Amino acid sequence: MIGNVTFTLNIWRQKGPEDSGRFVTYEARDVSSGMSFLEMLDSVNQRLIANGEEPVAFEQDCREGICGSCSLVINGIPHGPDRGITTCQLYMRRFLDGAVITIEPWRARSFPIIKDLVVDRSALDRIMQAGGYISVNTGGAVDGNVLLIGKDQAETAMDAASCIGCGACVAACKNASAMLFVAAKVSHLASLPQGKPERTHRVRAMLEAMDREGFGSCGNQYECEAVCPKSIGVRFIANLNREYLRAGVVESGLLSEPEAPHAESA
Amino acid sequence: MTMLNAKIPSGPLETKWDRRRFSEKLISPNNKRKLTVIVVGSGLAGASAASTLGQLGYQVECFCFQDSPRRAHSIAAQGGINAAKNYQDDGDSVGRLFYDTIKGGDFRSREANVYRLAQVSTQIIDQCVALGIPFAREYGGQLANRSFGGVQVSRTFYCRGQTGQQLLLGAYSALCWQIERGQVTMRPRTEMLDLVVIDGQARGIVVRDLVTGRLSVHTAHAVVLATGGYSNVYYLSTNASGSNVTATYRAWKQGAAFANPCFTQIHPTAIPPGDAYQAKLTLMSESLRNDGRLWVPKMSADHRCPGDISAAERDYFLERRYPRFGNLAPRDIASRAVKDVCDEGRGVGPSGHGVYLDFADVIEQEGLEVVRERYGNLFDMYHRITGEDAYHAPMRIYPAPHYTMGGLWVDYNLMSTVPGLFVIGEANFADHGANRLGASSLMQGLADGYFILPYTIGHYLATAKLSLIREDHKESRAALQRATNRIGRLLNAKGRRTAASFHRDVGTLLRNHCGMSRNEAGLKLALAKVPALREELWRDVVVPGSGEAFNQELEYAGRVADYLEFAELLCHDALHREESCGAHFREEYQTDDGEPKRDDSRFAHVAAWEYREGALPILHKEPLAFEFVQPTTRSYQ
């Protein structure tokens with residue numbers, strides 16, 4: 001016996017992409033308040049396995065909030081009730097003894113379910129492959145201090161770059177939009193001098209890939225910001241829109257690669 | 001019979017690498033297109049190697065078991081990456097980084113490798129900046145640095161507390177570019193289960209598609225393993241739960257020598273272990289030791305609140321024992337000192353396995369806001385896990401398995417004893433000797449992947465005789481059959497015990513007998529117990545579900561089965577090394593005041609173990625010659 005708290009779990013079980021899926025109720029017994037949410041699920045799974053039953057499939061890896069693997073909708077909220085954390089950083093002391101907890105996978109057409117709570121997020125990788133990089137070869141880079149980058153600018157880039165690619169923003173959005181994800185990457189690279197040469201192509205290519213993958217558009221509900229484990233702000237979506245508009249101006253030939261009027265605030 | 005030839009270029013240390021690069025054969029761009037390379041793993045080493053090889057024109061196939069290459073465990077590195085840039089003008093140089101690293105490794109690494117690492121380190125920072133990595137900057141726009149353990153200069157570059165993620169995303173973005181260009185084929189959710197060796201050359205791998213469960217063989221002209229370390233053999237470690245030894249262990253069974261497996265790093269500052277349910281230990285970055293002070297009560301079993309214990313009643317044990325380096329003593333030394341005070345009964349917290357890491361002094365001197373800005377994310381993390389506020393009461397920390405310096409043996413060209421099998425990053429043994437200094441693993445992973453392997457593999461491909469092979473070659477089929485049989489045995493055992501219960505047992509055994517301190521009796525006990533545990537696993541493990549489907553428990557059980565074999569190799573190596581060096585502390589070999597006693601006359605060698613079926617592994621020794629530095633007693637006092 002480890003702890004003395006009990007929970008009732010309604011967990012989404014689905015054998016595979018073709019299966020229709022259903023909620024199944026499990027008791028999580030002998031839970032301690034110091035357990036993490038995933039350790040609580042581990043304990044449920046250990047019992048299932050020992051009985052020869054298939055455990056609940058869910059993704060996890062680093063268990064310290066940085067790899068972006070864990071992806072559970074807990075009581076309707078991606079990554080659970082607390083702000084600025086991933087599922088693996090959620091602890092059972094957050095729940096009252098006897099609580100009923102509903103656990104679902106990320107739900108979005110672009111994230112097909114593989115099994116139970118595991119979804120396929122490779123659409124995000126394909127958006128990155130469309131342009132989420134700076135094309136520089138290995139070797140031959142200039143000294144790191146040649147480019148002076150102001151502290152504020154570096155901090156803004158870092159705020160955007162802290163995205164862990166978990167996809168909670170998509171799961172929280174009514175339109176299943178990946179705007180916050182794309183905005184974070186576009187803003188990170190557009191706010192640094194190294195990213196400037198390709199910024200026009202990048203924003204268009206990544207947004208086209210986003211549409212191609214079936215993600216919806218932004219509805220300005222800000223649900224994405226609310227569930228983002230790294231608290232990435234929707235101001236980056238505004239920045240993405242600005243980058244997109246700027247790309248349109250540049251490509252129309254009206255201006256030859258102007259410095260965007262709002263570049264300083266990026 | 002394994003032969004060890006490190007192929008280190010002769011001549012002056014400073015020009016060895018330049019001369020090697022010049023003497024290496026090149027391949028014309030037209031011919032590179034016809035050559036395929038398999039890269040297993042997509043962390044810092046794997047992603048940087050795969051993208052650079054793609055850029056050079058090779059056809060690359062890159063595999064990872066995660067759902068995306070961006071999730072490899074390199075992502076979790078917090079603190080930073082070292083480079084001999086001397087931007088702070090505080091006396092740093094390539095020579096000093098070289099010396100710090102070789103001394104930090106307690107003179108159990110190769111001079112030539114470590115010197116090359118220090119040389120390449122400066123290029124890494126430039127490359128990373130070019131890729132858009134948002135390193136911390138000063139107000140004037142220059143790159144910022146901080147200090148790390150075991151050194152007296154400030155040479156660590158960082159991105160808040162997530163340097164690993166930012167460096168990995170940089171390598172991942174380079175990989176994305178090569179995927180888009182068609183140079184790299186990425187195969188996520190695919191796990192390597194065996195190595196295919198044909199005519200003595202590594203020519204392919206057996207993989208399992210983790211979604212469909214299908215096994216298949218992939219062939220190539222060379223294979224690169226970048227599959228990380230094996231700290232998870234201890235069950236509780238700071239590694240991600242997926243990190244495992246399977247790829248390197250399977251390669252060992254196909255003839256690649258395994259070097260210095262007993263060199264395992266136990267990191268001093270992790271959140272102390274709690275109850276039996278605990279699945280991992282969370283690291284608190286070493287950077288905290290820049291400002292935090294470690295202490296325990298002078299009295300044993302002192303259960304008062306830390307605030308009620310006066311300064312005179314506290315033992316700041318690192319400052320007392322190592323006045324020159326104080327709280328920034330290297331990891332192995334700090335960990336052992338923590339263990340010592342806990343063994344004396346002076347540990348704090350419910351289990352007695354903990355010491356205080358106290359920020360009260362720095363908060364008083366520099367203010368709460370400064371500390372919040374510097375370490376806010378770490379304090380938040382601590383609060384979430386323990387429910388305690390470290391701004392007002394000291395943190396409690398305890399050492400945790402974190403990194404493995406041991407790994408597959410490689411020569412100066414990063415090739416294992418199996419021709420055509422290259423090993424990079426944490427998976428090889430090469431650069432850190434018996435102990436790794438903080439912020440050096442990111443450096444090594446990227447050095448291997450961006451700047452070393454892409455040269456050396458070209459020479460191999462240009463000079464090796466590589467016959468045309470078919471995917472259904474008899475060696476391929478044999479390897480496929482081995483993997484199929486193993487999976488079948490796991491599924492058909494239909495016993496009563498879960499894989500996790502075996503993992504916990506072997507981990508406990510190793511932590512007790514082959515952890516921070518080791519002795520002959522304990523190691524022999526572990527060696528006696530592991531085979532029984534392994535037999536029990538094959539008899540009594542239960543793995544529900546099928547092999548032809550997404551089955552996470554099957555993946556895990558396969559990895560645990562390998563830990564149960566690998567644990568023996570680890571203990572054999574620890575038993576053979578009758579000295580204390582770096583992270584390997586044999587209780588029989590210590591000075592009167594508890595400092596390790598190294599034995600250069602008998603053990604200045606790399607221990608490379610060769611697999612033999614059904615018999616004890618054979619030990620081969622690669623002598624370590626020190627031409628340029630004089631091994632000294634490693635003192636931080």
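The values are calculated or read from the model by the stated rules, or taken from the named source; none is laboratory data. Note that the coordinates shown come from a computational prediction; the quantities given were computed from them, not determined experimentally. Virtual Cβ from ideal backbone geometry, glycine too; neighbours counted across all protein chains shown.
General remarks:
- Residues (in contact (Cβ under 8 Å) with a residue 24 or more places away in the chain, within 26 Å of residue B:186 (Cα to Cα) and in a loop (DSSP other than H, G, I, E, B)) located in region A:137-162: A:162
- Filtered residue count, region B:2-35, keeping only those that are assigned to a loop (DSSP other than H, G, I, E, B), loosely packed, with under 13 Cβ neighbours inside 10 Å and free of Cβ contacts under 8 Å to residues at least 40 places away in the same chain: 5
- Condition broken by residue B:381, with the remaining ones in (1) more than 14 Å from chain A (Cβ to nearest Cβ); (2) among the aliphatic types (A, V, I, L, M); (3) assigned to a helix (DSSP H, G or I) satisfied: (1)
- Qualifying positions in region B:265-276 - over 16 Å from residue B:386 (Cβ atoms) and either charged (D, E, K, R) or in a loop (DSSP other than H, G, I, E, B) (or both): B:276
- Candidates B:207, B:233, B:245, filtered to the one that is within 22 Å of residue B:185 (Cα to Cα) and aliphatic (A, V, I, L, M): B:207
- Residue check, residue A:232 surrounded by 23 or more Cβ atoms within 10 Å (Cβ to Cβ) and farther than 27 Å from residue B:72 by Cα: no
- Residue B:279 passes every criterion in (1) buried (at least 20 other Cβ atoms within 10 Å of the Cβ); (2) part of a loop (DSSP other than H, G, I, E, B); (3) within 14 Å of chain A (Cβ to nearest Cβ) apart from (1).
- Against the test of being in contact (Cβ under 8 Å) with a residue 12 or more places away in the chain, surrounded by fewer than 24 Cβ atoms within 10 Å (Cβ to Cβ), under 20 Å from residue B:447 (Cα atoms) and within 14 Å of chain A (Cβ to nearest Cβ), the options B:43, B:57 yield a single qualifying residue, B:57.
- When A:58, A:37 are checked against the criterion of being in the same structural domain as residue A:97 (by TED's automatic domain parsing) and more than 20 Å from residue B:274 (Cα to Cα), A:58 stands alone in meeting it.
- Residues that are assigned to a helix (DSSP H, G or I), facing another protein chain (nearest Cβ under 9 Å) and touching a residue at least 60 places away in the same chain (Cβ under 8 Å), drawn from region B:82-138: B:123, B:127, B:128
- Near pairs, Cβ below 7 angstrom, 6+ apart or cross-chain, from region B:65-77 (within 7 Å of chain A (Cβ to nearest Cβ)) to any residue that is charged (D, E, K, R): B:66/A:61; B:67/A:59; B:67/A:121; B:67/B:189; B:68/A:121; B:68/A:125; B:71/A:61; B:76/A:64
- Count - residues of region A:46-63 that are outside any loop (DSSP other than H, G, I, E, B) and either of a type in the set (Lys, Arg) or buried (at least 22 other Cβ atoms within 10 Å of the Cβ) (or both): 2
- Only residues that are among the β-branched types (Val, Ile, Thr) and either within 12 Å of chain B (Cβ to nearest Cβ) or in contact with a Lys or Arg (Cβ under 8 Å, 6 or more places away or on another chain) (or both) were counted across region A:59-86, and they come to 4.
- Residue B:549, sole failed condition from (1) of a type in the set (Gly, Ala, Ser); (2) in contact (Cβ under 8 Å) with a residue 60 or more places away in the chain; (3) touching a helix residue (DSSP H, G or I) at 6+ places or on another chain (Cβ under 8 Å): (3)
- Applying the set (1) buried (at least 19 other Cβ atoms within 10 Å of the Cβ); (2) facing chain B (nearest Cβ under 7 Å); (3) in contact (Cβ under 8 Å) with a residue 40 or more places away in the chain to residue A:111 leaves exactly one unmet item: (2).
- Only listed residue being crowded, with 22+ Cβ neighbours inside 10 Å, of a type in the set (Val, Ile, Thr) and touching a helix residue (DSSP H, G or I) at 6+ places or on another chain (Cβ under 6 Å), chosen from B:355, B:338: B:355
- Which numbered condition residue A:81 misses (of (1) modelled with pLDDT under 95; (2) in contact with a helix residue (DSSP H, G or I) (Cβ under 7 Å, 6 or more places away or on another chain)): (1)
- Of the criteria (1) within 8 Å of another protein chain (Cβ to nearest Cβ); (2) surrounded by fewer than 21 Cβ atoms within 10 Å (Cβ to Cβ); (3) not charged (D, E, K, R), which one residue A:36 fails: (2)
- Selected residue (criterion: nearest to residue B:448 (Cα to Cα)) from residues of region A:135-152 that are more than 7 Å from chain B (Cβ to nearest Cβ) and loosely packed, with under 13 Cβ neighbours inside 10 Å: A:140
- Given (1) in contact (Cβ under 8 Å) with a residue 40 or more places away in the chain; (2) part of a loop (DSSP other than H, G, I, E, B); (3) in contact with a Cys (Cβ under 6 Å, 6 or more places away or on another chain), number of the condition residue A:38 does not satisfy: (2)
- Selection of region A:87-100 for residues being away from chain B (no Cβ under 14 Å) and outside any loop (DSSP other than H, G, I, E, B) yields only A:100.
- Members of region B:396-429 that are in contact with a Cys (Cβ under 9 Å, 6 or more places away or on another chain) and assigned to a strand (DSSP E or B): B:398
- Residue in region B:180-198 that is in a helix (DSSP H, G or I), surrounded by fewer than 23 Cβ atoms within 10 Å (Cβ to Cβ) and within 14 Å of another protein chain (Cβ to nearest Cβ) present: yes
- When residue A:128 is tested against the conditions (1) outside any helix (DSSP H, G or I); (2) assigned by TED's automatic domain parsing to the domain that holds residue A:205, the lone failure is (1).
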